[in-house]
Structure formats: C-alpha cells, structure tokens
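The values are calculated or read from the model by the stated rules, or taken from the named source; none is laboratory data. Predicted, not measured: the structure shown is a model, and the values here were computed from it. Counting neighbours? That spans all protein chains shown, and the Cβs are built from the backbone with ideal geometry, glycine included. Heads up: the accessible areas ignore ligands, DNA and RNA and are worked out on the full protein's heavy atoms, side chains in. Shrake-Rupley method; radii C 1.70, N 1.55, O 1.52, S 1.80 Å.
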Amino acid sequence: MRTILTAFVLGILLFEAQAQAQAQAQAQAQAQAQAQAQVTALCSSSDFSVYTDFEGGAAADCQVVGKRALVLQVAPENEPINNSPWYAFRVVSESLERVDVKIEYDGGTHRYTPKLSSDAAVWVEYPKEQLIVPEDKSSVAFTVPLKGGETWVAAQPLLGIAEYQAWWEPKVEQDQLELAEVGSSIEERPLYRLTYISDQKELLLVLGRQHPPETTGAVAMMAFIDRLLSGDALSARFLERVGLVVYPFINRDGVARGHWRHNVGGKDLNRDWGPFEQPEPRLINADFEALVSQHNVKLGYMLDFHSTWYDVFYTQRDSDFSRRTDFTREWLGSFESSMQELEPEFTLNRKSSHNRESPTSKTYFFERYGIPATTYEIGDEGSLDRIREYARRSAETFMRTWLAEGEWYE
C-alpha cells in the first residue's frame, strides 16, 4: 500500500511540474508575441510584415503591392552625399515561403548586392545574375526566401556594437588590449579606444568606421589588428618597439540609424579632421593628444580603414616627406609581392596625393605630425575570407617594414 501511495504522490508531483513548465512556456511565448506586436512594422499585410527595428535597420518607406510583393524606398539621411545607398530590413511571415522585393533608390543608384540571413549572424550574398537592375540602376528587384518565417536583408552584413564587442572582449580579457571610453556621440553612444602601450617610443594609430556602410573596411581593420596581436616572434618584436592605439568604431550613431555616410549632425566625419565641428573627431583627437603626452610617445604612422568600389591605398607622395620617404613605398611593395604568392596576377592599387585643404584624417595627421597617413580602402564585394587574408598579409609586411627601419625619432 505504501508503495502505491508513493507512486501516486510522485505522479502528481511530476504532473504539476510538467503543467508548470508548460504554463511558463506559454507565458514566454505570449510575452514574445506581445513584444513583437508592440514593434511597429514599416509595412505589413495579412501575409507578411517588414521591420527595421534593429541597429542598422533602415528604409525610407515601404508598400505592400501584392500577396507576396513589396516595394521599399531607400533615401539618404541628407544631401549632398556619396552614393552609398544603405538598406537593412527583415521580412516576417508565418504562411509564405518567399516574398518579391523591389528596392527603389532616391538620391542614389544601385551599388550593394543584397545579403541575406536567417539569424542576422551568418550572411549569404544574393546571386548577382538573379538580380533585376535597370540600365539607370535606379532600383533592384529580387526574391527573398522565408526559411523559418523570417529573413534579414541588408546592403552588407550587419556589423554593430555587439560584433565589435565580441571581437575586442577576448583581447581585453587576455590583457592584449586596454579598453577605455573617450566620450560619447551626439546620441550618447560611447566612443571607445583600444590601446597597447607600455614603454614603447613609437606609435601606430588606427581609425575605423567613420562611414556606416563600410563594413568590409571594418573586417579588414579587425584582421589587421589580429595579426599585430597574434603573439608570434614577429608580433612580439613589433609590439616591443611600437605601441598601438585604435579607435575602432567612430560613427556610432550613423551605424545605428542606417545612414549612408554621415553622423546625426549631417556631416561626413572624414571631412571634419581640423575643423572638429562634430563631437566624434573632436573627442578622439583630444583623447589621442592627451595619450601621446601622457606616455611621451611619438606617432609614427596612421591607418584609416574604409570601403569603396575596389581595393586601394590613398597615401602621400614619397616626395612629401623630408625623412623616411621610402617607408610606404617599401611596405606596399612588399605587400604586393606577398599577395602575388596567393594571387599571381595581383597588382596593388596605390593613389598618392596631398591636398592641404581637404580635412580628412589622412591630411590632418600628416600635417599635424609629419608622418605617413594612409587611407586603407577595401572593395565592397570581396569575400570575407579574402579580405581577412589581404589584411593579414598587409599587417605582416607592415611589421617587417617597420622593424627594418631605424627608429622614427632617433
């Protein structure tokens, strides 16, 4: 009898536990549904909805034009502006397997091949041959598959603060880099600095993400820094001699809002080095000058990572320097040879000039410190693996070239 009662009680307890778990699951599902309902769709029908409710999400307008078709308008934050027409949205449906999308460009023309993802983490480039682009490039049309009921679509894979933090946090935890806040953007988003400085006499400065859509440049910057910190004999020798300062994510607000180029002040941040009208360059410049003074270290080189239509290095002319005139030429020559081991037909693209009236980072740091300052541009459409290998080889040859030189300020 006691055995029967014990089994009965256990059965009741098990039933109650299962019922409680089921109730919790239902409550969680209801909460998620309510949260989803509170998010305003950019456009919707009884069959699907379109959202831009995430960092980088952007579109000017959206219309449902059929049971499984929509037209999305893309427009810049203000004009005049470069032709970098960013878009990012997600399509949600419980019933449809696909939705036909047409993106119409206002103030720009088609540039970025759509990238698709089911989780906003792993992205696949849409087949270019299946895109419908008119001769004037005023629009692009394609079909979005809805696997799992939701698909994310963006001009480039999303790369926001969570991805940056996932990149730098292990380095900070392992004491490879020190993380500091240097101020805030107009919309109060923190601006960060990463440093590796002990008692070195020379310094490399790296800037990143002044222009929101330029994610391939950000990928290259991360891979470049990864190689500098790789811990092999070359890296150790380099970091023993050269300190590192990185401002990896400068235009926080522009990225969050899905801007084509500018910050929320409506300015191109890479045209504000010198005027310093916008808080982002102004804060970074002040922080950097204080850091240089604090550590009594001399800036030796500045790299500013960007993206454009193709890979290119914008540099000063070798004749612009009174000393160390050959560093950039030797570095890029060595890098070209390294890339030719991988791609025998590779030819490095270098464009050399100097315009004192152009308030870019390249001009400012050359004029202010008399050092080589290079805008490091990566093409829009390169594969991520190729971009990382390109950046890794450029970092490796950069270190070797620096170590082959005498001290910059001996």
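The table that follows gives values for the structure above.
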{"read-out": "Rounded Å value of the spacing that divides the Cα centres of region 77-94 and region 115-164", "value": "11"}
{"read-out": "Coordinate range along principal axes, alpha carbons of region 88-136, Å, largest first", "value": "35, 22, 22"}
{"read-out": "Residue-level accessible surface for ASP53, protein heavy atoms, 1.4 Å, Å²", "value": "70"}
{"read-out": "Cα long-axis angle, helix 384-404 against the chain (0 to 90 degrees, to the nearest 10)", "value": "30"}
{"read-out": "Approximate spin-label separation ASP106-GLU135, in nm, with each point projected 7 Å along Cα-to-Cβ", "value": "2.6"}
{"read-out": "FRET efficiency, GLN340 to ARG317 (Cβ-Cβ, R0 35 Å, nearest 0.05)", "value": "0.90"}
{"read-out": "Accessible surface, per residue, of the chain when the full set of protein chains is kept, probe 1.4 Å, Å²", "value": "46"}
{"read-out": "Furthest towards positive pole of dipole, PRO212, LEU291, GLY183, structure part region 160-301, Cβ charges", "value": "PRO212"}
{"read-out": "For the chain, the fraction of alpha-carbon pairs in successive 20 Å shells from zero, as %", "value": "24, 49, 21, 6, 1, 0"}
{"read-out": "Angle in degrees between helix 327-342 and the longest Cα principal axis of the chain, rounded to the nearest 10", "value": "50"}
{"read-out": "Whole-Å distance, taken between Cα centres, linking region 294-337 and region 196-222", "value": "13"}
{"read-out": "Antiparallel %, DSSP beta bridges [both residues in the chain], to 5", "value": "60"}
{"read-out": "GLU187 accessible area, 1.4 Å probe, all protein chains in place, Å² to nearest 10", "value": "60"}
{"read-out": "The chain - percent relative contact order, Cα under 8 Å, separation 6 or more", "value": "14"}
{"read-out": "Largest-first principal axis extents, alpha carbons of region 230-343, Å", "value": "43, 40, 34"}
{"read-out": "Candidate aspartates and glutamates - alpha carbon under 13 Å from LYS102, same-chain residues fewer than 8 apart omitted", "value": "ASP61"}
{"read-out": "Set LYS137/LYS267; LYS115/LYS137; LYS67/LYS137 screened for pairs whose C-alpha atoms are more than 22 Å apart", "value": "LYS137/LYS267; LYS67/LYS137"}
{"read-out": "Principal-axis tilt of helix 279-295 within the chain, Cα atoms, nearest 10 degrees", "value": "50"}
